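Have a look at the structure below, then the notes.
Values quoted throughout were computed directly from the atomic coordinates according to the rules given, and no laboratory measurement underlies them. Computed from a predicted structure; not experimentally measured. So basically every Cβ, Gly included, is an ideal-geometry build from the backbone, and we count neighbours across all protein chains shown.
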Amino acid sequence: MARRRRRRKELPPLVEARRDAMLARVKSESKDRPGTYRLISEDGEVLYVGKSKGVRTRLLTHFRAEYPHDKSARMVAEASSVAWEYEPSEFAACLTELRLIKRWRPRYNVMMKRDARHYAFIRLTAGLAPKLQVVRGAHGNDAATYFGPFHGALQLGEALRELNDALGLRDCALDTRMHYADQVELPVATARTPGCIRYEIGRCLGPCVAATTASQYDERVHLAREFIAGRHDAPIVALRTAMEESSERLDFERAASLRDKVARLESLQEQFARLRFAVETLSFTYNVSGTNGDDRCYVIRRGRVRHECKAPETPAERTQLDAKVAEAFSTSSRETGAVPSHEVDELLLLASWFRGHPKEMERTTPHSAAALTRSA
Ligand code: SF4
């Protein structure tokens, strides 16, 4: 079947003149080297940040795009200037692009869309009665705590639902009003029948209806954090102890309910382990050859760049780098499993980079905190 041709719309003359001036500058001044570029509006707003291993080629593709159908062409039409900076390598360009996007939040950038299919995180919200939810990336620099990344958002969602049920944690809408039994600042003290089946069937402690205290709920949240972080035994041991105490008090109904929770958690152990991305494998020094001999060295721990510098050439530079490696691997920001929200995007970027460029692993020298402690 013949494809219908899209009708190309003419640009207004002034916009076209501006576009042609930018294009002429790109053609005469830019080079095909790794780097980042940005399109800027007349009032100084950064509209778009991009990166490429060949800045010139990439910029020219934006100018060839068809107006108004292509996003590229619309961005170019809105821009009044274009700027670019070179980076020593494509990897360096990726990191700089991420940092610039975080700084300017350009309208035309869709953050981390490329990784959404592969990785997911568990987000623990801040505030009263925290909630665990599966997300594809960080919600800006929020106060929430993130765990991950994990493979397969769908399976992760199912496992998390089970975990919430086993530990009695809420899974309702974020704006649901919460009210602990020991919350003194609100005058409403009597419990009411909730409109939620999870409380009625014993799958939620019911922080919305004053059915639990802050400390009881927080204790369950703590167990969930331990479980998600991979320290499976702590929540199971805690629930088993509570089960035995209930039996001794002849509270057999509660003991039976706790026994079921222990069984569910045990079956979830394997499920979470299977879905968890081994972020510890992204702990090494990564040497990257740069253009014109500008080689760089990145100290990466748990998927985040802790230090970057020129690749050492002298014994003194090597000693300095060794000190930075030791520092990066000895900090107590260690294996809590939690990832601060501002580091989530970088972790996704690095996971995606090494997934897409597996041969780059040959340029890495692995480190582990334990090994460095032993050699110190
Ligand atoms: S019982 Fe209340 S807190 Fe728990 S999930 Fe239902 S609405 Fe949310």
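Where does helix 341-356 land angle-wise versus the long Cα axis of the chain, in degrees 0 to 90, nearest 10? Helix 341-356 sits at roughly 60 degrees to that axis.
At the listed q of 0.09, 0.11, 0.14, 0.15 Å⁻¹, the Debye profile of the chain, built from one uniform point per Cα, gives log10 I(q)/I(0) equal to -0.71, -0.92, -1.17, -1.25.
In this simple spin-label approximation, Met361 and His342 carry label points 7 Å from Cα along the Cα→Cβ vector, and these lie 3.1 nm apart. For the chain, the relative contact order works out to 14 percent when only alpha carbon pairs closer than 8 Å and six or more residues apart are counted. Rounded to the nearest 10 degrees, the inclination of helix 90-104 to the longest alpha-carbon principal axis of the chain is 70 degrees. Here the label points at Asp294 and Asp20, each 7 Å from Cα along the C-beta direction, are separated by 3.4 nm in the simple model. Over all projection directions, the Cα-based convex hull of the stretch 279-375 averages an area of 6.7 nm². Compared with the alpha-carbon gap, the fully stretched path from Glu45 to Thr176 is longer by 43.4 nm at 0.36 nm per residue.
Of the residues Ser330, Met22, Ser267, the one whose Cα sits farthest toward the positive end of the charge dipole of the chain, with +1 on the Cβ of Lys and Arg and -1 on the Cβ of Asp and Glu, is Met22. Around the amide H of Leu47, modelled in the peptide plane, lie the amide H atoms of Leu39, Ile40, Ser41, all under 5 Å away and 5 or more residues distant in sequence or on another chain. When you restrict to C-alpha pairs under 8 Å that are six or more residues apart and normalise by the size of the stretch 200-311, the relative contact order lands at 13 percent.
Rounded to the nearest 20 debye, the dipole size of the stretch 156-275 about its Cα centre is 220 debye, using +1 on the Cβ of Lys and Arg and -1 on the Cβ of Asp and Glu. Once the Cα atoms are used to define both axes, helix 55-64 deviates from the longest principal axis of the chain by about 90 degrees. For the pair Leu250 and Ser81 in one chain, pulling the backbone fully straight at 0.36 nm per residue adds 53.2 nm over the alpha carbon distance. The HN-Hα couplings worked out from phi for the stretch 151-162 by the Karplus form 6.51 cos²θ - 1.76 cosθ + 1.60 (θ = phi - 60°) are 8, x, 4, 5, 5, 5, x, 5, 5, 5, 4, 4 Hz, whole numbers, x standing for Gly and Pro. Please work out the FRET efficiency for the pair His69 and Glu270, using the Cβ-Cβ distance as r and a Förster radius of 30 Å; give the result to the nearest 0.05. Step by step, r from the Cβ atoms, then E = 0.05.
Overall, the chain carries a charge dipole of about 1900 debye about its Cα centre when +1 sits on the Cβ of Lys and Arg and -1 on the Cβ of Asp and Glu, all other atoms neutral. Listing Lys324, Lys310 from fewest to most neighbouring C-beta atoms within 10 Å gives Lys310, Lys324.
Every Cα-Cα pair in the stretch 13-110 was counted, and those over 22 Å apart are 22% of them.
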